[in-house]
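Colleague: One structure, as structure tokens, below. Some questions next.
The values are calculated or read from the model by the stated rules, or taken from the named source; none is laboratory data. Everything numeric here is computed off the predicted structure, so don't read it as measured data. Don't worry about glycine lacking a Cβ; one is built from the backbone with ideal geometry, like all the others, and counts go over all protein chains shown. Just so you know, the surface numbers come from the protein's heavy atoms only, side chains and all, with ligands and any DNA or RNA stripped out. Shrake-Rupley method; radii C 1.70, N 1.55, O 1.52, S 1.80 Å.
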Amino acid sequence: MTFTVLNPATEEPIAELEQAGVEETDEAVARAKAAFPAWRTVAPGDRARLLRRLATLVEEHTEELARIESRNVGKPISGARGEIGMVAQVFHYYAGAIDKHFGETIPVAGGVAATFREPLGVVGLIVPWNFPANIASWKLGPALACGNTVVLKPAELTPLSALRLAELCLEAGIPEGVVNVLVGKGSIVGQRLIEHPDIAKIAFTGSTEVGRLVMQGAAGTIKRVTLELGGKSANVIFEDADLERAAASAPYSVFDNAGQDCCARSRILVQKSVYDRFLELLIEATKGIKVGDPADDATEMVPLISAAHRETVASFVDGEPLFRGDAPDGPGFWFPCTIVEATNDDRIAREEVFGPVAAVIPFEDEADAIRIANDTPYGLSGSIWTRDGARALRMARAIEAGVLSVNANTSVRVSTPFGGFKQSGFGRELGMHALEGYSEIKSVFISTES
Ligand code: NDP
């Protein structure tokens with residue numbers, strides 16, 4: 001069976017691909033299993049050289065990969081270039097990490113115990129459509145660095161950059177069978193990977209609903225699982241913050257990637273004493289966002305991924321919002337930047353919209369801000385804006401989320417751990433912490449008695 005890949009900005013077909021089924025999935029797992037014994041024994045220095053070569057190839061193909069990503073996801077080309085830049089950095093980072101991820105020796109009676117970091121085997125990587133190349137690299141980098149082989153399933157809507165990355169892996173000299181990409185449906189290919197007895201771990205990014213299925217399916221074979229499941233993050237603005245800076249930054253923290261970002265600060269919590277002033281600044285800043293052709297260097301805001309997703313996003317906005325921006329007419333799954341006033345009990349404040357809709361919620365004081373920020377099943381990201389350093393620290397410790405920023409709205413860095421609390425999932429990607437999720441600790445006792 002074939003299926004058509006569309007450009008979300010034009011609704012035009014950009015590729016016609018064969019769809020993998022259960023049989024192809026089993027074949028890919030068998031290839032990865034066969035490649036594992038040789039790959040795990042590649043000397044650390046050689047594995048590092050291969051990953052570095054891959055990083056360099058990604059750098060050399062930045063423009064090509066960025067254009068693929070921009071056309072397939074409908075991303076602004078400038079943002080796509082940045083994302084591909086990060087993919088290269090991720091491979092450089094894990095190339096450098098390979099010989100720094102070591103065990104320890106532990107003095108014990110009668111000898112010494114040593115710990116070793118062993119690869120898991122074949123790892124299944126299931127990736128969503130919002131940052132296809134980036135999220136694939138966050139999983140590929142540490143998986144390969146630890147000596148695992150992989151079967152990567154990109155989202156059906158956005159498989160093109162993963163297919164190109166697989167070609168670059170081979171060009172870099174990574175042996176055949178180490179990296180396998182399967183284009184197919186989550187409910188078929190993804191499900192088979194989850195249940196397959198030869199898959200040792202599933203690294204998943206996507207919805208909480210499918211995350212639950214991953215956990216259930218993995219139970220049958222006691223697979224390792226890491227889950228990154230999105231959020232409903234709070235951007236908390238105190239009265240003593242630099243309001244101009246906070247307001248200039250806030251729109252990008254929720255409208256970037258058309259809001260299709262698990263770290264989107266989609267609940268903007270504003271202290272009542274500065275509520276009206278902040279709202280004015282926020283609307284003014286949002287008016288400045290450049291919406292349009294993803295291929296234009298100046299574009300900042302782009303369409304949603306699909307017609308079905310646009311319908312879901314639209315279902316969150318009833319009544320007249322505080323602000324509604326412009327969106328192009330004609331083809332493309334466009335949705336305007338939208339700001340609504342809400343309480344934390346409203347649907348818009350409780351569910352992940354995954355679209356360019358921000359809910360502004362007033363709060364009284366620090367205790368109220370903590371209560372509202374934590375009143376959500378999610379716990380991925382968030383921001384605190386204040387000039388009071390002690391308050392910033394108190395808030396950072398009190399908010400139940402895995403990745404926070406103070407006087408900034410950033411969440412992702414190559415060298416720092418990324419992942420959620422509560423129903424945003426568990427396990428950490430990026431940084432040295434990600435290596436924990438792709439290796440097992442083995443303890444070996446060596447007797448010193450003669
Ligand atoms: P899904 O969770 O359905 O998709 C994520 C990945 O899982 C895709 O590769 C998908 O494949 C695969 N998948 C789907 N069903 C199964 C299954 N039964 N077994 C194994 N793998 C499966 O997310 P959606 O793309 O449908 O988006 C829905 C919502 O999820 C969004 O609106 C958003 O709220 C959230 N989301 C969060 C993301 C994040 O970054 N944390 C990313 C994407 C979505 P396929 O594409 O072939 O269906």
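Colleague: Does the stretch 47-68 include one or more residues that are farther than 30 Å from residue 354 by Cα, touching a strand residue (DSSP E or B) at 6+ places or on another chain (Cβ under 7 Å), at pLDDT 95 or above and assigned to a helix (DSSP H, G or I)?
Modeller: There is no residue in the stretch 47-68 that is farther than 30 Å from residue 354 by Cα, touching a strand residue (DSSP E or B) at 6+ places or on another chain (Cβ under 7 Å), at pLDDT 95 or above and assigned to a helix (DSSP H, G or I).
Colleague: Working only within the stretch 245-257, note down all residues that are closer than 16 Å to residue 340 by Cα and of a type outside the set (Phe, Trp, Tyr).
Modeller: Of everything in the stretch 245-257, those that are closer than 16 Å to residue 340 by Cα and of a type outside the set (Phe, Trp, Tyr) turn out to be 247, 250, 251, 253, 254.
Colleague: I'd like to check something: does the stretch 18-29 contain any residue that is in a loop (DSSP other than H, G, I, E, B), in contact (Cβ under 8 Å) with a residue 60 or more places away in the chain and touching a strand residue (DSSP E or B) at 6+ places or on another chain (Cβ under 7 Å)? It would help to see each step written out before you state the result.
Modeller: Filtering the stretch 18-29 for residues in a loop (DSSP other than H, G, I, E, B) gives 19-21.
Applying the additional criterion that residues be in contact (Cβ under 8 Å) with a residue 60 or more places away in the chain yields 19-21.
Filter once more, keeping what is touching a strand residue (DSSP E or B) at 6+ places or on another chain (Cβ under 7 Å): 19.
There is at least one residue in the stretch 18-29 that is in a loop (DSSP other than H, G, I, E, B), in contact (Cβ under 8 Å) with a residue 60 or more places away in the chain and touching a strand residue (DSSP E or B) at 6+ places or on another chain (Cβ under 7 Å).
Colleague: Take residue 212 and decide whether it is over 19 Å from residue 261 (Cβ atoms), in contact (Cβ under 8 Å) with a residue 40 or more places away in the chain and open to solvent by 10 Å² or more (accessible area, probe 1.4 Å). Steps first, answer last, please.
Modeller: Details: over 19 Å from residue 261 (Cβ atoms): yes; in contact (Cβ under 8 Å) with a residue 40 or more places away in the chain: no; open to solvent by 10 Å² or more (accessible area, probe 1.4 Å): yes.
When the stated conditions are applied, residue 212 does not pass them.
Residue-by-condition table, conditions (1) within 16 Å of the ligand (Cβ to nearest atom); (2) open to solvent by 20 Å² or more (accessible area, probe 1.4 Å); (3) outside any helix (DSSP H, G or I):
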residue	(1), (2), (3)
147	no, no, yes
158	yes, no, yes
162	yes, no, no
184	yes, no, yes
191	yes, yes, no
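Colleague: For residue 176, only one of the following conditions fails: (1) of a type outside the set (A, V, I, L, M, F, W, C); (2) within 14 Å of the ligand (Cβ to nearest atom); (3) touching a Leu at 6+ places or on another chain (Cβ under 8 Å); (4) part of a loop (DSSP other than H, G, I, E, B). What is its number?
Modeller: Evaluating residue 176 over (1) of a type outside the set (A, V, I, L, M, F, W, C); (2) within 14 Å of the ligand (Cβ to nearest atom); (3) touching a Leu at 6+ places or on another chain (Cβ under 8 Å); (4) part of a loop (DSSP other than H, G, I, E, B) leaves (2) as the failure.
Colleague: Go through the stretch 45-59 residue by residue and tally those that are closer than 18 Å to residue 160 by Cβ and open to solvent by 10 Å² or more (accessible area, probe 1.4 Å).
Modeller: 1
Colleague: Would you tally the residues in the stretch 205-251 being within 10 Å of the ligand (Cβ to nearest atom), in a strand (DSSP E or B) and within 23 Å of residue 348 (Cβ to Cβ)?
Modeller: Total meeting the criteria: 1.
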